[in-house]
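The block underneath contains the structure these notes are about, expressed in structure tokens.
The values are calculated or read from the model by the stated rules, or taken from the named source; none is laboratory data. Source: prediction; values computed, not measured. A quick note on method: Cβ atoms are made from the backbone with ideal geometry, for glycine too, and the neighbour counts reach across all protein chains shown.
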Amino acid sequence: MRPGNPEALSLPYDPSRIEPERYAFWEQLGVFQPRADLAAAPRGTGSKAPFVIAIPPPNVTGSLTMGHVLGESIRDTIVRWQRMEGRETLYVPGMDHAGIATQNVVEKKLRAEKQSRHDLGRDGFLKAVWEWKEQYGGLIFQQERRLGTTPDWTRERFTLDEQYSHAVLHVFKKLYDEGLVYRGRYIVNWCPRCRTALSDEEVDMVETDGHLWHIKYPLKDGSGSLTVATTRPETMLGDTGVAVSPKDPRYTGLVGSFAVLPLVRREIPIVADDMVDPKFGTGAVKVTPAHDPNDFQTGRRHGLSEIVVMDEDGRMNDAAGDFRGLDRFEARTRIVAALQDAGYLDKVEPHRHNVGHCSRCNTVIEPYLSWQWFVKMAPLAAQAIEAAKKGKIKLFPGRWKKVYLHWLENIRDWCISRQLWWGHRIPVWYRGEEMIVSIERPEGDGWVQDEDVLDTWFSSWLWPFATLGWPNPTNDLARYYPNSLMVTGSDIIFFWVARMVMAGYYFMGEAPFSHIYFTSIVRDAQGRKMSKSLGNSPDPLAMMEKYGADSVRFCMVQTPTGQDLLFDEKRLESGKFFANKLWNATKLVSMRMGDEDLSGVKESQLRLTLADRWILSRFANAVKDVTRNLKTYRFAESAQAVYHFAWNEYCDWYLEMAKPRWALADLGDAMTDEQRADLRTARWVSWKVLDGILRLLHPFMPFVTEELWQALPHDGDTLAMASWPKAKKSWFDAASEREVEFLQAVVVAVRNLRIESKIAPGKPVPVFVRGDAAQLDLLEKLASQITPLARIEKLTVSRDGSRPKVAASAVVEGAEIFLPLDGLIDLDEERARLAREAEKLLTDLEGVKKKLRNQDFLRKAKPEIVAKENERLVQLEETLDKLKRAQQSLISVKE
RNA sequence: GGGCGAUUAGCUCAGUUGGUAGAGCACUUGCUCGACAAGCAAGGGGUCACUGGUUCAAAUCCAGUAUCGCCCACCA
């Protein structure tokens, strides 16, 4: 046992003073690494298995947001709790190279210097990005240390690390060899600004007000025209057909004949296809196979040619004839005008529809026909689906399972090639007609590597095992895979979570983790998403500076489960106030501990009072609550349980009840043996329970709890490695809880009477109590501990039934409490108060009576419920009766 | 077009198997009494969105309605 250091508490609580130092302290102790003694032992199973969690790797360009703070608070709370439970814990940190995002950032910087990536060339540009990464990348982890999180920094990974890159390329080759990666020319989502293909997940659909243009296409035989409706007239230049519904009688005669494409004069066939809905628009659809995914399918079904009319910047190309060189939106305007001039435009209707936007830069997506690499997903999805269905992986909150399954069951192939430079270059080599998939450059001359890189998510989906050294059979991999838990936002459930599960099964034969907890999405007070452009994202570092990292953690962790969090800075105050409260409580306890060594004290040597038994029982309950709620990811409930116990029970009541016994120390040598034992007991219990509170709270508020724990006598180097409290069976004591509840009710009643009677707050008052023998006995036994709480001058328990003549009165559990007034106050007011009280009781009484008159209730309700109501009836009637008599006595005094 | 979530005190939200509606903040009143004014004590404030149903009993279970939000979806 080490002595405490009470002087540490002489200054007021100031988070910015204590927090930064503590982090270095933990790091020096090696708190963040898996415990060496446990890591040296054979790997256990179940709750003895290592607890492993990986950070969702933030973008290398990222800086800390409140969203990160939320996730990190939750992850670290769990890790710290598990560590205290004695488990070997590993929290793996790392960053994502974030292909598009990072390339955008560096290109922007180049633009500011009037350069483009093409000026530097591929190698030069990559060098520039790496330099940027070394200089600015990873800022987020510097910021994160301020939050007090405990990842094992010695294992920090980056998705472009050599080993990790090898894993990515290995995966590509393996999937290719096994027929799950293929190259093909298909319509993909193309961002003309980023100049790359995107996956479906990287496209945001935005409901947009547009138009439906009705365009007349003349029939080749000159017998008239048919009208098509389109939202994208500019693509008509690439039309190679017109489709109608086979069931549409209007057009049956035309199927098989040709129309002449306006402006272009190309003859295009009219085909029948089920894709067409006769009820929409004109029932005739222009078919542009190279610029629309549906039309692509239709085109393939009917053997229509595919004419690309735009380039990769979204400008019209040579195939666009007179419109070549125009931006696609400019071309739209000009084409519509040209159609109108030539009399082809039938009409224009306003039309609301969904338009895809690049999730990175918000540019309108262009469906674009190009050569890309894809992953066949259906075979990978099968096990991920089964895992969730069979409960091998559990999602919290559970409703996300449906979302997860729906996506997997309707999964589409994944476009993984990106026309970028920053990323894992696709390990495919070409020489003339030859193609080789190989991680190494093939032997021989003339091989040219594929220009494209892989989607960033194609590397991050390997995170749970690639960070542990895979594909090499490392010790870490054997020991720490699978991970235990994934904590992340539901916004990346498809991007990342579901894909990790697929990769985990496919490459490791096992789910990457068994539990997935989805955090809230942090929004501003108006419910808007946090964003740089809105400027509504509070700076987490400023928040920590102002309220302390402890408070930020404590408050952020208490988010509604699986609901959006409307962030309001004001909320952060409460954690700081709580920390301050504990600071002062600890100061008090440590001051009153004296220099007595309590470490060897056994419970059997103590003289536990009712108050002690009560607080120990309440503590045991708190331990149970806090732990149970952590187990089920109910962080708000867990945190609230400590908060409420520490503040409203321990500080508000127990410490006050301990004060009179602490004061015995003033007697010095004059103390009797019994008094000495009482003093020791009060010291021991107040310290033990406080120690327990600090342990329970440590995962949530690591800094202040460590600081306070060090100030008290403690065992071990750091609270971070101390053991998690256990709820001792012998401490649960329902009888003591009931008895103290009664005493508390008496105290509250007296406080009430004083206020109602307008007695000066500081003035001690005599109090008389009439009640049953057990109640009076209780009061007498604990008199010295409760009289200060209500400023009672002298507590007289009235065994003979006598009572003061003129008194304010209240009834608590049948006991009558009298506060003598001696004509001090307005009797009318006291009578009115009693009347109000009685009225309230009467309403309750009516309710109970009604219930008990109901035969159905008596017959069908559970017996204990009926008994409870009966009990309540008796008590209400008794109380009411006593209040009435009190009123009577006041009247008789007046008369 | 499908799916999901929300609706409880002025605000943000709890309310785990149905059994007397809670917390924090805000508000009112009173407090330099030996830890704490970042505090203490006391208090006001709710037809639990609406309608129906199940039940002895519904904030809680079921059905529907309304409003808000999110996700998914190839009607050009």
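Can you name the residue in segment A:627-638 that is near RNA strand B (Cβ under 9 Å from one of its atoms) and in a helix (DSSP H, G or I) and, of all such residues, is farthest from A:Trp731 (Cα to Cα)? Among those residues, the one meeting the criterion is A:Ala636. Within segment A:858-872, if we keep just the residues that are part of a helix (DSSP H, G or I) and among the basic types (Lys, Arg), the residue that is nearest to the chain's Cα centre (by Cα) turns out to be A:Lys868.
In this structure, is A:Ser245 of a type in the set (Gly, Ala, Ser), under 23 Å from A:Arg328 (Cα atoms) and either surrounded by fewer than 21 Cβ atoms within 10 Å (Cβ to Cβ) or in contact (Cβ under 8 Å) with a residue 24 or more places away in the chain (or both)?
It is false that A:Ser245 is of a type in the set (Gly, Ala, Ser), under 23 Å from A:Arg328 (Cα atoms) and either surrounded by fewer than 21 Cβ atoms within 10 Å (Cβ to Cβ) or in contact (Cβ under 8 Å) with a residue 24 or more places away in the chain (or both).
Pairs meeting the criteria (first residue in segment A:3-20 and assigned to a loop (DSSP other than H, G, I, E, B), second residue of a type in the set (Gly, Ala, Ser), beta carbons under 9 Å, at least 6 apart or on different chains) are A:Gly4/A:Ser590; A:Gly4/A:Ala711; A:Asn5/A:Ser590; A:Asn5/A:Ala711; A:Tyr13/A:Gly548; A:Tyr13/A:Ala579; A:Asp14/A:Gly548. Comparison of A:Thr363, A:Thr333 shows that the only residue that is exposed (fewer than 14 other Cβ atoms within 10 Å of the Cβ) and either modelled with pLDDT of 95 or more or hydroxyl-bearing (Ser, Thr, Tyr) (or both) is A:Thr333. Taking the criterion of being of a type in the set (A, V, I, L, M) and either out of contact with any helix residue (DSSP H, G or I) (no Cβ under 6 Å at 6 or more places or on another chain) or over 20 Å from A:Tyr547 (Cα atoms) (or both), the residues of segment A:13-43 that qualify are A:Ala24, A:Leu29, A:Val31, A:Ala36, A:Leu38, A:Ala39, A:Ala40, A:Ala41.
The residues of segment A:400-420 that are touching a residue at least 24 places away in the same chain (Cβ under 8 Å), under 25 Å from A:Leu175 (Cβ atoms), within 16 Å of RNA strand B (Cβ to nearest atom) and not in a loop (DSSP other than H, G, I, E, B), listed by number, are A:Tyr404, A:Trp407, A:Leu408, A:Glu409, A:Trp414, A:Cys415. Scan segment A:234-250 for residues that are more than 11 Å from RNA strand B (Cβ to nearest atom) and touching a strand residue (DSSP E or B) at 6+ places or on another chain (Cβ under 6 Å) and the total you get is 3.
Of the residues A:Asp277, A:Asp292, the single one that is within 7 Å of RNA strand B (Cβ to nearest atom) and surrounded by fewer than 21 Cβ atoms within 10 Å (Cβ to Cβ) is A:Asp277.
Can you find a residue that is among the aromatic types (Phe, Trp, Tyr), more than 9 Å from RNA strand B (Cβ to nearest atom), buried (at least 17 other Cβ atoms within 10 Å of the Cβ) and assigned to a helix (DSSP H, G or I) anywhere in segment A:572-582? No, that holds for no residue.
Any chance segment A:656-664 includes a residue that's within 28 Å of A:Val79 (Cα to Cα), modelled with pLDDT of 90 or more and crowded, with 20+ Cβ neighbours inside 10 Å?
So in segment A:656-664, the residues within 28 Å of A:Val79 (Cα to Cα) come out as none.
Checked against the condition, which is being within 28 Å of A:Val79 (Cα to Cα), modelled with pLDDT of 90 or more and crowded, with 20+ Cβ neighbours inside 10 Å, segment A:656-664 yields no hits at all.
Got at least one residue in segment A:93-105 being free of Cβ contacts under 8 Å to residues at least 60 places away in the same chain, assigned to a helix (DSSP H, G or I) and surrounded by fewer than 13 Cβ atoms within 10 Å (Cβ to Cβ)? No, there is no match, as no residue in segment A:93-105 is free of Cβ contacts under 8 Å to residues at least 60 places away in the same chain, assigned to a helix (DSSP H, G or I) and surrounded by fewer than 13 Cβ atoms within 10 Å (Cβ to Cβ).
In summary, A:Lys624 fulfils each of the numbered conditions (1) farther than 30 Å from A:Ser537 by Cβ; (2) more than 10 Å from RNA strand B (Cβ to nearest atom); (3) buried (at least 21 other Cβ atoms within 10 Å of the Cβ) with the single exception of condition (3).
Of the residues making up segment A:639-676, those that are within 10 Å of RNA strand B (Cβ to nearest atom) and farther than 19 Å from A:Asn584 by Cα number 3. Screening A:Thr235, A:Thr159, A:Thr154 for residues that are of a type in the set (Val, Ile, Thr), surrounded by 22 or more Cβ atoms within 10 Å (Cβ to Cβ) and within 27 Å of A:Gly62 (Cβ to Cβ) leaves exactly one candidate, A:Thr159. Summed over segment A:252-274, residues that are within 14 Å of RNA strand B (Cβ to nearest atom), in contact with a His (Cβ under 8 Å, 6 or more places away or on another chain) and of a type outside the set (A, V, I, L, M) total 1. Quick check on A:Gly314: is it within 19 Å of A:Glu234 (Cβ to Cβ) and near RNA strand B (Cβ under 10 Å from one of its atoms)? No; evaluated as a whole, the condition is false for this residue.
Among the conditions (1) under 26 Å from the mean Cα position of the chain (by Cα); (2) of a type in the set (D, E, K, R); (3) part of a loop (DSSP other than H, G, I, E, B), A:Arg43 misses just one, which is (1).
Which residue out of A:Arg43, A:Arg17, A:Arg22 is touching a Gly at 6+ places or on another chain (Cβ under 8 Å) and modelled with pLDDT under 95?
The conditions single out A:Arg22.
Within this structure, A:Lys220 fails the test of being surrounded by fewer than 22 Cβ atoms within 10 Å (Cβ to Cβ), touching a Pro at 6+ places or on another chain (Cβ under 9 Å) and of a type in the set (Lys, Arg).
Candidates are the residues of segment A:583-611 that are hydrophobic (A, V, I, L, M, F, W, C) and within 10 Å of RNA strand B (Cβ to nearest atom); the one that is surrounded by the fewest Cβ atoms within 10 Å (Cβ to Cβ) is A:Met591. For A:Lys173, are the conditions met, namely being of a type outside the set (Val, Ile, Thr), over 17 Å from A:Val105 (Cα atoms) and touching a residue at least 40 places away in the same chain (Cβ under 8 Å)? Here the answer is yes, as A:Lys173 does meet what is asked.
For residues that are surrounded by fewer than 19 Cβ atoms within 10 Å (Cβ to Cβ) and in a helix (DSSP H, G or I), scanning just segment A:386-399, find the one that is nearest to RNA strand B (Cβ to nearest atom). Looking at residues that are surrounded by fewer than 19 Cβ atoms within 10 Å (Cβ to Cβ) and in a helix (DSSP H, G or I), I get A:Lys389. Is there a residue being within 14 Å of RNA strand B (Cβ to nearest atom), closer than 17 Å to A:Pro367 by Cα and without any contact (Cβ under 8 Å) to a residue 60 or more places away in the chain anywhere in segment A:222-233? Yes - at least one qualifying residue is present in segment A:222-233.
Could you say which residue among A:Val348, A:Val428 is over 26 Å from A:Pro512 (Cα atoms), more than 16 Å from RNA strand B (Cβ to nearest atom) and at pLDDT 90 or above?
Details: A:Val348 fails: more than 16 Å from RNA strand B (Cβ to nearest atom).
Answer to the check: A:Val428.
So which residues in segment A:558-567 are more than 12 Å from the chain's Cα centre (by Cα) and within 6 Å of RNA strand B (Cβ to nearest atom)? Spell out how you get there, then give the answer.
Going through segment A:558-567, the residues more than 12 Å from the chain's Cα centre (by Cα) turn out to be A:566-567.
Residue satisfying the conditions is A:Leu566 alone.
Keeping to segment A:860-895, report how many residues are in contact with a helix residue (DSSP H, G or I) (Cβ under 9 Å, 6 or more places away or on another chain) and of a type outside the set (A, V, I, L, M, F, W, C).
Step one: list which residues in segment A:860-895 are in contact with a helix residue (DSSP H, G or I) (Cβ under 9 Å, 6 or more places away or on another chain), which gives A:861, A:865-866, A:869-870, A:872-873, A:876-877, A:879-880, A:883-884, A:886-887, A:890-891, A:893-894.
Those left that are additionally of a type outside the set (A, V, I, L, M, F, W, C): A:869-870, A:872, A:877, A:879, A:884, A:887, A:894.
Looking only at that region, the number is 8.
When the residues of segment A:550-570 are narrowed to those that are touching a residue at least 12 places away in the same chain (Cβ under 8 Å) and surrounded by fewer than 18 Cβ atoms within 10 Å (Cβ to Cβ), which ends up nearest to A:Gln710 (Cα to Cα)? Per the stated criteria, the residue is A:Glu569.
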